[in-house]
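These notes concern the structure reproduced below.
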Amino acid sequence: MDFNTLLGTSFACDCGKQHTVPTENFIYDDHAYASIADIARNITRGQRYLLIADQRTFEAAGKRVKELLQQQGIQPETYIIADRSGKSPAADDNARDEILAAAPDADLYLAVGSGVVNDLVKWVSFLKKKPYITVPTAASMNGYASANVAASIGGLKVLFHAEACKAAFVEPEVLYQAPDELTTSGLGDVLAKSVSSADWKLNQFLFGDYYCQFAVDLLKDLEPVYLDNPEGIRNKEQGAFKALFEALFYSSIAMTITGTSAPASGGEHLISHTLDMTAARDGVTHDYHGRQVGVASILMAALYGEIMTIEVPQFVDIPQTVNTGFWGELSAIVAGEYEKKLPKIAEAKDFLSRHDNWQALCKTIKPMLADPARLKNCLEKSGGIHTLPGIRRGGGALDFQFFFDTVVNANQMRSRFTILDLAVMTGVIPNRIDALIKKWVS
């Protein structure tokens, strides 16, 4: 598939929806930045440009982007997102408010950076009702062309709809210069698709939810390039690196055209979000999102495999309230999400208790499942993290017991039904998850 033919188009899909791709330009080229000025002028007639970056991403790409724009008659203003207490910025309501209060208004916003910068600029430009373009500095996450913002509001990790970027400009050499752990973080994020797609199908099967096969299949031609050659990521081979970034980029397109994060986010993301939230609660640092997601994806693939071996499920009583011992001061905001989920769990239990529905579920889901050994091998050979000791928390390694508790409780933090809920319903969580963690990610 020539992916670029999708950009800026609207088309009828077999899923029954009219898909629209708001991102009109994606330039992956050694001289991509030279195209920014002309394309920007086609996006807005306004003269006010605001380049937003953090200290590191401004040095990596922002300074050169600004100089190129100035050479072509555009005088952008610059806003540098400050570090917080010696730590990199976070995508949260505090950083949003700081930008809104201190940054000048603009007709076009330029996000120069990766996950945090992109989410914050997307958020601010949406609130200002102005377009934005993105200049990615790392192949680190799958949200560059997504209309979704992943942020923390009041301590709760949330996902909400904004507007996707109008254009993206990528110079491979900038990606190569990014820290390797950012690249393998991106690989971990995109590997989650194998699990999240199964979770999405699970929701269609159980509840009749919307599902789009086109969005699920969008990356199938790219996946073998990095799955079968993870060493290419480690060695910065042009083909493997480009395939990884395109997979991240078009994964975000899949989320935008479907209006949901389901094509790329399932139970594995809930585990990462829970690690983020509890770290913020405890005043400690957490690891990169994609590194956490990669390890969680291995475990969720193994969890799916375990549950699919059950011939006749014996459903157990599930907790009716959140675990306040685990969530602590976050309990109230998490409870609001969990209360929305409880009716779904009851509905799923009733449906799967009926004749042959469990067998039909297994028959539907099994062909979609990824081999956890293949995911683990891909991360390991790419130089990425694939075990708990490699995940950082608070200056040290992530503790086994804390990770176990996270997996046991992560289903409570979001109303979406995932494999975590099916595992709780069948008693696999907590009774057998300990052994799966030890086998696959310890």
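The values are calculated or read from the model by the stated rules, or taken from the named source; none is laboratory data. In this text the structure is predicted, and so the values were computed from the model without any measurement. All Cβ positions, even for glycine, are placed from backbone atoms using ideal geometry, and neighbour counts span all protein chains on display.
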Q. When you scan segment 89-104, how many residues do you find that are surrounded by 15 or more Cβ atoms within 10 Å (Cβ to Cβ) and in a loop (DSSP other than H, G, I, E, B)?
A. 4
Q: Residue by residue through segment 399-440, note down the ones that are surrounded by 18 or more Cβ atoms within 10 Å (Cβ to Cβ) and among the charged types (D, E, K, R).
A: ARG414, ARG416, ASP421
Q: Can you tell me which residue among SER251, SER185, SER265 is surrounded by 21 or more Cβ atoms within 10 Å (Cβ to Cβ), outside the structural domain of PRO367 (by TED's automatic domain parsing), under 28 Å from LYS17 (Cα atoms) and not acidic (Asp, Glu)?
A: SER251
Q.
Within segment 24-44, does at least one residue satisfy the condition of being within 30 Å of ASP209 (Cα to Cα), in the same structural domain as ASP119 (by TED's automatic domain parsing) and over 23 Å from the mean Cα position of the chain (by Cα)?
A. no
(Q) Just the residues that are under 16 Å from ILE310 (Cα atoms), in a loop (DSSP other than H, G, I, E, B) and hydrophobic (A, V, I, L, M, F, W, C), please, taken from segment 350-381. (A) LEU369
Q: Could you tell me whether segment 297-314 includes any residue that is part of a loop (DSSP other than H, G, I, E, B), farther than 30 Å from PRO179 by Cβ, touching a residue at least 40 places away in the same chain (Cβ under 8 Å) and among the aromatic types (Phe, Trp, Tyr)?
A: no
Q) For segment 337-349, does any single residue satisfy the condition of being in a helix (DSSP H, G or I), over 21 Å from VAL428 (Cβ atoms) and touching a residue at least 12 places away in the same chain (Cβ under 8 Å)? A) yes
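Each row is one residue, and each column tells you yes or no for (1) under 18 Å from SER415 (Cα atoms); (2) loosely packed, with under 13 Cβ neighbours inside 10 Å.
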site	(1), (2)
ILE318	yes, no
GLY325	no, yes
LEU330	yes, no
LYS340	yes, yes
ALA346	yes, yes
LEU352	no, no
**Q.** Residue satisfying condition, being in a helix (DSSP H, G or I) and of a type outside the set (A, V, I, L, M), within set THR274, THR260
**A.** THR274
Q.
Taking the conditions exactly as written (out of contact with any helix residue (DSSP H, G or I) (no Cβ under 9 Å at 6 or more places or on another chain) and not polar (S, T, N, Q)), does GLU163 satisfy them or not?
A. no
Q | Which listed residue is under 18 Å from the mean Cα position of the chain (by Cα) and surrounded by fewer than 24 Cβ atoms within 10 Å (Cβ to Cβ), from VAL190, VAL216 | A | VAL216
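Each row is one residue, and each column tells you yes or no for (1) under 30 Å from LEU219 (Cβ atoms); (2) touching a strand residue (DSSP E or B) at 6+ places or on another chain (Cβ under 8 Å).
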position: SER251; (1), (2): yes, no
position: GLY259; (1), (2): yes, yes
position: LEU270; (1), (2): yes, no
position: GLY283; (1), (2): no, no
position: HIS286; (1), (2): yes, yes
position: THR309; (1), (2): yes, no
position: PHE315; (1), (2): no, no
position: ALA332; (1), (2): no, no
position: ALA335; (1), (2): no, no
Q) From the list VAL293, VAL316, which residue is within 28 Å of GLY395 (Cα to Cα) and touching a helix residue (DSSP H, G or I) at 6+ places or on another chain (Cβ under 9 Å)? A) VAL293
Q) GLU171: of a type outside the set (A, V, I, L, M, F, W, C) and surrounded by fewer than 21 Cβ atoms within 10 Å (Cβ to Cβ), yes or no? A) no
